[in-house]
Amino acid sequence: MTDTFKAFVIAKGAEGQAQSASWHEMGLSELMDGDVTVRVRHTTMNYKDALAITGTSPVVRRFPMVPGIDLAGEVIASDSAEFAVGDEVILNGWGVGETHLGGYAGIARIRSEWLLHKPEGLTGAQCMAIGTAGYTAALCVLRLQALGASPAGGPVLVTGASGGVGSFAVALLAALGFEVHASTGKRSEGAYLKALGASQILDRAEFSEKGRPLGKERFAAAVDSVGGQTLANVLSVTRYGGAVAACGLAQGYDLPTTVMPFILRNVTLAGVDSVMADKAHRRAAWTLLTERLDLGHLQQITAEFRPDEVEETARALLAGKIRGRMVMNID
Ligand code: NDP
């Protein structure tokens, strides 16, 4: 095993100074505790990674930090009975890239309870193309199904549809037979969203401004990665007995709603967290993705970025200029 490897390191700035972020040589001894050591082959750029890399929001809770909340690679050392040298593994969340050194590095040391074996039928690169965004979309879909959503119930809305979570939510729901209405701010992405399976494209302006406590009943269910006023409006147009899976805050973390959708329409607002989800939910989400995601769609959703493009990719993602998912080959 090599003693040193390249890692993208975020360092805290001096008093009053911005943080710094760049590639460095790192030693094995600098890695944090964990019973499994992984040679990282692929990682991704999630919204949270972009916040961490640009220092836009206090995502990083320990400095220096290596970002990368998702990683895929091969076990090169293990003290765990569950994982052997040579096993291909994936990781999403668990505070990696926030409190524990993450996937933007040649080698990561991880706790075995956070790792999953790579799902059969997907490559490590494909798992990273899916990443936390796709796995979260799958958690949202499973949550809506658990709350009774079915294609017979009526159309389902996906907000932030051209983003990472949104793209996978559209593709998965369409693959399951739902009529998917995709809300996007990018008029130019209509063809892309239709190719993923959306039957109607809606302008996100319909949902982003202050609306009425209760609007016309339109959707049986929704996946919302936008939050803020959009989520409030989505709740107000959810049909009687419907459910909304809320996982994001691309518009804002506020929720200027009223109790009306809940007490008059029996609407359920279901929060979805991917970071601390247990292994059973993770496995169910990856099974859904393995069984239902069209790999042709995955290719349409994904683009690659190079190690020297980390910061510009992060800025572009936060500026809403990126469609779908960005994967980095660490090798
Ligand atoms: P992306 O940046 O890929 O997508 C977000 C999308 O939201 C954009 O593409 C855009 O879609 C839409 N959007 C952006 N800004 C606004 C705005 N001001 N008002 C309305 N819509 C907006 O991010 P991800 O898909 O990776 O993540 C989406 C959200 O979900 C983030 O807030 C992220 O932190 C959260 N998240 C939460 C997880 C959890 O565990 N709960 C896990 C993963 C993500 P369009 O142009 O099509 O409208």
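The values are calculated or read from the model by the stated rules, or taken from the named source; none is laboratory data. None of the values given here were measured: they were computed from a predicted structure. Here the Cβ is made from the backbone with ideal geometry for all residues, glycine too, and neighbour counts use every protein chain on show. Calculation scope for accessible area: heavy atoms of the full protein, side chains included, ligands and nucleic acids excluded. Shrake-Rupley method; radii C 1.70, N 1.55, O 1.52, S 1.80 Å.
Helices (runs of 4 or more DSSP H) wholly in the stretch 203-286 with at least 2 residues that are open to solvent by 20 Å² or more (accessible area, probe 1.4 Å) and within 14 Å of the ligand (Cβ to nearest atom) - which ones? Spell out how you get there, then give the answer.
On the way: elements: 205-208, 228-236, 260-265.
Answer list for the stretch 203-286: 205-208.
From Thr37, Thr44, Thr2, Thr56, grab the single residue that is in contact with a Gly (Cβ under 7 Å, 6 or more places away or on another chain) and β-branched (Val, Ile, Thr). Walk me through it before giving the result.
Values: Thr37 fails: in contact with a Gly (Cβ under 7 Å, 6 or more places away or on another chain); Thr2 fails: in contact with a Gly (Cβ under 7 Å, 6 or more places away or on another chain); Thr56 fails: in contact with a Gly (Cβ under 7 Å, 6 or more places away or on another chain).
Within the list Thr37, Thr44, Thr2, Thr56, the selection yields Thr44.
Does Val96 meet the test of being free of Cβ contacts under 8 Å to residues at least 40 places away in the same chain and crowded, with 24+ Cβ neighbours inside 10 Å? Quick ask: steps written out before the conclusion?
Numbers: free of Cβ contacts under 8 Å to residues at least 40 places away in the same chain: yes; crowded, with 24+ Cβ neighbours inside 10 Å: yes.
For Val96, the condition - free of Cβ contacts under 8 Å to residues at least 40 places away in the same chain and crowded, with 24+ Cβ neighbours inside 10 Å - is met.
Among the candidates Leu139, Leu122, single out the residue that is outside any loop (DSSP other than H, G, I, E, B), at negative phi and either more than 16 Å from the ligand (Cβ to nearest atom) or in contact (Cβ under 8 Å) with a residue 12 or more places away in the chain (or both). Full working, then the answer.
On the way: Leu122 fails: outside any loop (DSSP other than H, G, I, E, B).
The match here is Leu139.
Output the number of residues of the stretch 32-74 satisfying the condition of being part of a loop (DSSP other than H, G, I, E, B) and either open to solvent by less than 20 Å² (accessible area, probe 1.4 Å) or within 16 Å of the ligand (Cβ to nearest atom) (or both). Break it down into steps so the answer makes sense when it comes.
First pass over the stretch 32-74, keeping only residues part of a loop (DSSP other than H, G, I, E, B): 32-35, 46, 55-64, 66-69.
Then keep just the ones that are either open to solvent by less than 20 Å² (accessible area, probe 1.4 Å) or within 16 Å of the ligand (Cβ to nearest atom) (or both); that gives 46, 55-61, 66-69.
Counting residues in the stretch 32-74 that are part of a loop (DSSP other than H, G, I, E, B) and either open to solvent by less than 20 Å² (accessible area, probe 1.4 Å) or within 16 Å of the ligand (Cβ to nearest atom) (or both) gives 12.
List every residue pair whose Cβ atoms sit under 7 Å apart, with the two residues 6 or more apart in sequence or on different chains, where the first one lies in the stretch 13-35 and is touching a residue at least 24 places away in the same chain (Cβ under 8 Å) and the second, anywhere, is in a strand (DSSP E or B) and basic (Lys, Arg).
Short answer, once both residue conditions are applied: Trp23/Lys6; Leu31/Arg109; Met32/Arg109; Gly34/Arg109.
Which residues, counting only those in the stretch 159-202, are surrounded by fewer than 24 Cβ atoms within 10 Å (Cβ to Cβ) and either near the ligand (Cβ under 9 Å from one of its atoms) or outside any helix (DSSP H, G or I) (or both)?
Correct list: Leu176, Gly177, Glu179, His181, Gly185, Lys186, Glu189, Gly197, Ser199, Gln200, Ile201, Leu202.
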